[in-house]
Amino acid sequence: MSSTTITPGVPDVTGPRVPFTVLFDDDTTTDGMPLHPRFAEAYAGEWRIPEPRDGRPYTTINFVVSRDGRISYAEPGAIGGSTVAAGSHPDLWLMGLLRARCDAILIGDGTARAEPDHVWTPTYLGDVDAPAFEWLRAAERRRPVALHVLCSLTGEIERHWAAVQRDDVELVVATTAGGAEVARSRLAGRAGTEVVAFGDDRVDTAALGRWLLAERDVRSLLCEGGPHLYGSMLADGAVDDEFVTLSPVIVGGIATSGARRPSLVEGIGFEPGNSPTARPISLRRAGDHLMVRSQVVSAHLSDHEAEHI
């Protein structure tokens, strides 16, 4: 990229230790918030945050998947995506950037239960650019810590989870009618907590998005899993962009315990000819890892509507 004039006071941005090589970038978005030039230089391109549409936030999904499409080894000590990522710093850096640019982050309770010590902030990742990412949040006029939205069918949220224990983490529990009572009981007395039901048997994630925009002014929403939540969001037509890091490791389908290792989307099956599609709009390489950004088109859209996205 060409050199740019940097605004005084902007922190240094180290960027990924292995620079991104842009293999293609077909993103033609011209509206919305641009990426600050110093971060755009490290990212090797632009990434605008579009304005909300259809009454819900601009919604992004972020996963790392193995070469054979698995998102977890499902082994003790290797539940999260970091093991699948095989220590990729570019993947970690990109995750920090995504967290820096969201107003709220959506996590399924299974993901939270598998990583109870996790807090979904750029700083938690421990990267040298954490101060720069926090600066970016402030520069884009986002709250210091993104609103944490926990999605749970049962409302079984644990008080010992690190994100729940943090006083500076504002929390919304998106649940079912039956789960709401359980969640309110478990989280009684916790400040900055709201429990909302978005269905009787399942969480309507499109309705959740509309509520977040209308009630909490969430204009940019990031989801980091898990795969059942992503499946529900695809079914509800509640996803805009998908950031997937393709790792070179091959995981295989069965854990040592005999459990099946999950893939990118679980809990739902789409019919032939009526499936969502993910159209690649950019591809970056960092060492042996590929960072694919895709535009997700819901199966509910007509052909005419899909052509105009």
>> With the requirement that a residue be closer than 16 Å to G45 by Cβ and either modelled with pLDDT of 90 or more or β-branched (V, I, T) (or both), what does segment 1-17 give you?
In response: T4, V13, G15, P16
>> So, in segment 205-248, how many residues would count as being in a loop (DSSP other than H, G, I, E, B), more than 19 Å from E51 (Cα to Cα) and in contact with a strand residue (DSSP E or B) (Cβ under 9 Å, 6 or more places away or on another chain)?
In response: 5
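Table: residues versus (1) crowded, with 23+ Cβ neighbours inside 10 Å; (2) outside any strand (DSSP E or B).
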{"site": "T59", "(1), (2)": "yes, no"}
{"site": "V64", "(1), (2)": "yes, no"}
{"site": "T83", "(1), (2)": "no, yes"}
{"site": "W93", "(1), (2)": "yes, yes"}
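Show me the helices (runs of 4 or more DSSP H) entirely contained within segment 98-192 in which 1 or more residues are within 30 Å of T14 (Cβ to Cβ) and aliphatic (A, V, I, L, M).
Numbers: elements: 109-114, 130-139, 162-165, 177-186.
Qualifying helices (runs of 4 or more DSSP H): 109-114, 130-139, 162-165.
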>> Need pairs with beta-carbon distance below 8 Å; first residue surrounded by 16 or more Cβ atoms within 10 Å (Cβ to Cβ) and within segment 112-125, second among the hydroxyl-bearing types (S, T, Y) and assigned to a helix (DSSP H, G or I); sequence gap 6+ or separate chains.
In response: H118/Y124
> From the list V244, V292, which residue is touching a Ser or Thr at 6+ places or on another chain (Cβ under 9 Å), modelled with pLDDT of 95 or more and under 18 Å from L106 (Cβ atoms)?
Replying inline: V244
>> When the residues of segment 170-213 are narrowed to those that are aliphatic (A, V, I, L, M) and under 17 Å from the mean Cα position of the chain (by Cα), which ends up surrounded by the most Cβ atoms within 10 Å (Cβ to Cβ)?
In response: A174
> Pick from segment 214-226 the residues that are at pLDDT 95 or above and crowded, with 21+ Cβ neighbours inside 10 Å: which of them is farthest from the chain's Cα centre (by Cα)?
Replying inline: V218
> Exactly one of (1) free of Cβ contacts under 8 Å to residues at least 40 places away in the same chain; (2) over 19 Å from V64 (Cα atoms); (3) crowded, with 23+ Cβ neighbours inside 10 Å is unmet by R141. Its number?
Replying inline: (3)
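The values are calculated or read from the model by the stated rules, or taken from the named source; none is laboratory data. All values derive from a computational prediction rather than experimental measurement. Virtual Cβ from ideal backbone geometry, glycine too; neighbours counted across all protein chains shown.
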